[in-house]
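Notes to accompany the following structure.
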Amino acid sequence: MCDAANFNMDSMKFNDLKLFVDFLEEHGELIRVEEPLDSKFEVSAAIRHGAKMTDKAILVEKVKGYGFPVVGNLLGTKKRLGLAIGATEEDVVSRLLIKEEDLIPSKTVDKGPVKDIIIRNDIDLFKTLPVLTYHEGDVSPYITQGVVFMKDRESGLETMGVHRLQVKSKNRLGGFFTGKTSSEVIRNAEKRGEALEIAIAIGVDPSTLLASVFWAPFSDKFGIAGAFRGSPLELVQAETVDLKIPANAMFVLEGKIIPGLKETEGPFGESNGYYVTAQNPVIEIAAITHRKNPIYPVFIPWDREDGTILDLLVTPYIHKNIKSVFPSIANIKLFFTAGFAVIQIRKRYESEPRELIYFILSTVPFIKIGRIAHLCGCPQYVVVGLLFF
Ligand SMILES: Cc1cc2nc3c(=O)[nH]c(=O)nc-3n(C[C@H](O)[C@H](O)[C@H](O)COP(=O)(O)O)c2cc1C
């Protein structure tokens, strides 16, 4: 059994996804599915149900037609998410609340295993990657754990975030970009009429994955990844685009966002339990690089893992920020995937709940609508309900 108290937590820093997977297996936190399964529905169902039944990470050894295993639910519990950054379950939240001085700058290296195999001709995403189809109503297979790297040529602004990616054809993806930085970088390239270079890393080390979705008041995500790992994130120059990519990733897809083109992307069964379709940018892939024996990681949408990640990576900073302005807050619970939040405050004056709502609406972009949902019986407490998405 994996008992964090028995380890020297500081020695547990994983700069490679495979090391983390091996560690989880050695310590009883991962189980294997030996039966060959189909990438359409079967693999995702096995991971979803296996995770629900056992609470473990699930590794599907054989996907029909592919030579690589697929792994899911790696960070599905607070304990495993803590282990990923060398923290115990008890101190994971405080370890995640890093300060700017904790950031460790990235380092550029000459080569990395992500370049073991380089494919530039006859790109076929369906053949190379065991991309999964998750739900009956999904339009096609989706990449759910792709970390997207882009850079604004003029301002130098860089992105590193997880974005859902529809595999539309052998060499085309549809991307869903709602985040602040990615939207800005895409918008700027669009205004200049330029094709925007993009690199998508799949199978990065767990600290880098967590840094990519981290909610922090500073923007250097490479530095955040370094802080979580306790060592610099190693980056290597991509093959066909002027971007740096994690040297130890399992796969990298390189290409360009086609300027002036938006196409229907979805429907895809999302983390909030609904099918979502949108008009979104199209990415043309020109090269795929990958490790010799990669593992293909996935997020199962609308499952416990994305809830755990959002709860631990996004909530602490929101709490800290809101509480610094409203010390009257007694409790906050953000239910990201269910789409609402409940906040209990010890009201200091009559208009405070309303001011709290306006503050949250203007500082937390996930929240679209706010209202006082319920005044509880006890006169000094107010419960505020906030609706997301
Ligand atoms: C499981 C998971 C899936 C996500 N999918 C998307 C997505 O499809 N589109 C998106 O814009 N953000 C998505 N996010 C959030 C972004 O990765 C995150 O907000 C990131 O910081 C955005 O960076 P950006 O500001 O550069 O866009 C997802 C986060 C998680 C944890």
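No value in this document is a laboratory result; all are computed from the given coordinates. On a predicted model such as this, the values are computed, not experimentally measured, just so you know. In this analysis, Cβ positions are derived from the backbone assuming ideal geometry, glycine residues included, and neighbour counts consider all displayed protein chains.
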Practice item. Between the alpha-carbon centers of region 108-126 and region 235-268, tell me the distance in whole angstrom. Key: 12
Check your understanding: Which Cα, out of 226, 131, 269, lies furthest along the positive dipole direction of the chain (beta carbon charges, K/R +1, D/E -1)?
Key -> 269
Review point. Which of the listed residues, 258, 82, 241, is farthest toward the dipole's positive end in the chain, when Lys, Arg count +1 and Asp, Glu count -1 at the beta-carbon?
Key: 258
Revision key, fill the gap. In degrees, nearest 10, the alpha-carbon axis of helix 42-54 is tilted away from the dominant principal axis of the alpha carbons of the chain by 40
Check your understanding: Could you give the semi-axes, largest first, of the ellipsoid that matches the chain, computed as the square roots of 5 times the alpha carbon gyration tensor eigenvalues and rounded to whole Å?
Key -> 34, 25, 22
Check your understanding: Highest GNM mean-square fluctuation, the chain, Cα pairs closer than 10 Å: which of 267, 327, 36?
Key -> 327
Review point. Rounded, prolate or oblate: which fits region 101-296 when a ≥ b ≥ c are the square roots of the eigenvalues of the alpha-carbon gyration tensor, with rounded for a/c under 1.5 and prolate only if a/b beats b/c?
Key: rounded
Point to revise | Electrostatic dipole magnitude of region 4-93 [Cβ: Lys, Arg +1; Asp, Glu -1; Cα centre; debye, to 20] | key: 340
Check your understanding: Most fluctuating residue of 90, 101, 352 in a GNM of the chain with Cα springs under 10 Å: which is it?
Key -> 101
Check your understanding: Using a simple charge model, +1 on the beta-carbon of Lys and Arg, -1 on the beta-carbon of Asp and Glu, nothing else, what dipole does the chain show about its Cα centre, in debye to the nearest 20?
Key -> 760
Exercise for review: Find the relative contact order for the chain and round it to a whole percent, using C-alpha pairs within less than 8 Å whose residues are 6+ positions apart.
Suggested key: 17
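Rounded, prolate or oblate for region 4-93? Axes are the square roots of the Cα gyration tensor eigenvalues, ordered a ≥ b ≥ c, and the cut-off for rounded is a/c under 1.5.
On the way: a/c = 2.77, a/b = 1.96, b/c = 1.41.
Prolate, since a/c reaches 1.5 and a/b exceeds b/c.
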Check your understanding: Does region 213-266 classify as rounded, prolate or oblate by the C-alpha gyration tensor (a ≥ b ≥ c root eigenvalues; a/c under 1.5 gives rounded; else a/b over b/c gives prolate, otherwise oblate)?
Key -> oblate
Exercise for review: Tell me the trypsin sites (Lys or Arg not before Pro) within region 70-167 that lie in a loop according to DSSP and have at most 12 other beta-carbon atoms within 10 Å.
Suggested key: 99, 111, 120
Check your understanding: Of the lysine pairs in region 155-286, how many meet both conditions: Cα atoms under 27 Å apart, and a spacing of 8 or more in sequence or different chains?
Key -> 21
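Where does each of 290, 319 land when they are ranked from fewest to most other beta-carbon atoms within 10 angstrom?
Working: 290 24, 319 18.
Fewest to most other Cβ atoms nearby, the residues stand as 319, 290.
For the chain, what is the mean residue ellipticity at 222 nm derived from helices alone (per DSSP H run of n ≥ 4: -39500 (n - 2.57); sum divided by total residues; nearest 500 deg cm²/dmol)?
Calculated mean residue ellipticity at 222 nm is -7500 deg cm²/dmol.
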Review point. Using Cα atoms only, what is the angle between the long axis of helix 304-313 and the major principal axis of the chain, expressed in degrees (0 to 90) to the nearest 10?
Key: 60
Study note, to complete from the structure: Along the dipole axis of region 11-62 (charges at Cβ: +1 for Lys and Arg, -1 for Asp and Glu; origin at the Cα centre), the most positive-end residue among 33, 45, 58 is 45
Check your understanding: What GluC sites (Glu not before Pro) does region 155-228 have in DSSP loop regions with at most 16 other beta carbons within 10 Å?
Key -> 194
